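One structure is given here, and the rest of the page talks about it.
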């Protein structure tokens, strides 16, 4: 545990919290599922706070796309691996033998549970220190890997998720404001779904906002 605490940048006053965070449901005792629920929210707040500060001109929809990219299951699982959580996971022998320590869902859940344990034991400072340490490289590189919302929506519409492959359609619904600071409201439509409105200071930004909002509503961005 001493080695793990060094990796987590925190010495636990209540080590049982950390043990609980590492306990998978297969172990038979109390599991980390409730901590996972809390940790997901703590992580989201910390990441949202940093995004809000680093992207002052980004729209709500654009921030949401970035948030979901940074807190999704795969991202949490990668952090769990980097922090060395896998060897410390408490699980049934059968689950471990079947590769449980490498399963994305289990690693992701453990990562979120550990964040909750850090928060409960050391407050937001302990949780933030961990997140800033292990998500720093993701913040530095994710913008290069992140598909823009319009592309993601088009790929989804062409992926067979619908009965037939379709093309999202965008239409300007309103233009307001002075010429030097215009504001656009653009609607995106995908057959079989209610239209979604987006806003922005340019047509492209409003289209991205509309696509991001629709993806959120459809649950496509959140695993």
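The values are calculated or read from the model by the stated rules, or taken from the named source; none is laboratory data. Being a predicted model, the structure only gives us computed values, none of them experimental. Glycine gets a Cβ as well: all are built from the backbone with ideal geometry, and neighbour counts include every protein chain shown.
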(message) Given (1) over 21 Å from residue 27 (Cβ atoms); (2) not in a helix (DSSP H, G or I), identify the lone condition not met by residue 84.
(response) (1)
(request) Could you please let me know if residue 152 is under 30 Å from residue 14 (Cβ atoms), within 19 Å of the chain's Cα centre (by Cα) and modelled with pLDDT under 85? (result) no
(message) Checking the conditions here, which among 84, 123, 53 is out of contact with any helix residue (DSSP H, G or I) (no Cβ under 9 Å at 6 or more places or on another chain), surrounded by fewer than 17 Cβ atoms within 10 Å (Cβ to Cβ) and under 25 Å from residue 15 (Cα atoms)?
(response) 123
(request) Taking residue 196 as meeting all but one of (1) at pLDDT 90 or above; (2) over 24 Å from residue 71 (Cβ atoms), write down the number of the exception. (result) (2)
(request) For residue 31, state whether it is at pLDDT below 95 and in contact with a strand residue (DSSP E or B) (Cβ under 8 Å, 6 or more places away or on another chain). (result) yes
(message) For segment 41-50: of the residues being in contact with a helix residue (DSSP H, G or I) (Cβ under 6 Å, 6 or more places away or on another chain) and surrounded by fewer than 19 Cβ atoms within 10 Å (Cβ to Cβ), which is nearest to residue 115 (Cα to Cα)?
(response) 44
(request) Scan segment 12-33 and give yes if some residue there is surrounded by fewer than 17 Cβ atoms within 10 Å (Cβ to Cβ), in the same structural domain as residue 122 (by TED's automatic domain parsing), within 22 Å of the chain's Cα centre (by Cα) and in contact (Cβ under 8 Å) with a residue 24 or more places away in the chain, otherwise no. (result) yes
(message) The conditions are (1) at pLDDT below 90; (2) farther than 26 Å from residue 213 by Cβ, and residue 87 fails exactly one of them. Which is it?
(response) (1)
(request) For segment 2-11, enumerate the residues that are touching a helix residue (DSSP H, G or I) at 6+ places or on another chain (Cβ under 8 Å) and either on the phi > 0 side of the Ramachandran plot or free of Cβ contacts under 8 Å to residues at least 40 places away in the same chain (or both). (result) 5, 9, 11
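Those residues that are free of Cβ contacts under 8 Å to residues at least 12 places away in the same chain and either outside any loop (DSSP other than H, G, I, E, B) or over 20 Å from the mean Cα position of the chain (by Cα) (or both), I need them from segment 89-127; list them, please.
Selection gives 93, 96, 97, 98, 99, 123, 125.
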(message) Looking at the structure I just gave you, is residue 130 within 30 Å of residue 83 (Cα to Cα), surrounded by 12 or more Cβ atoms within 10 Å (Cβ to Cβ) and at pLDDT below 85?
(response) no
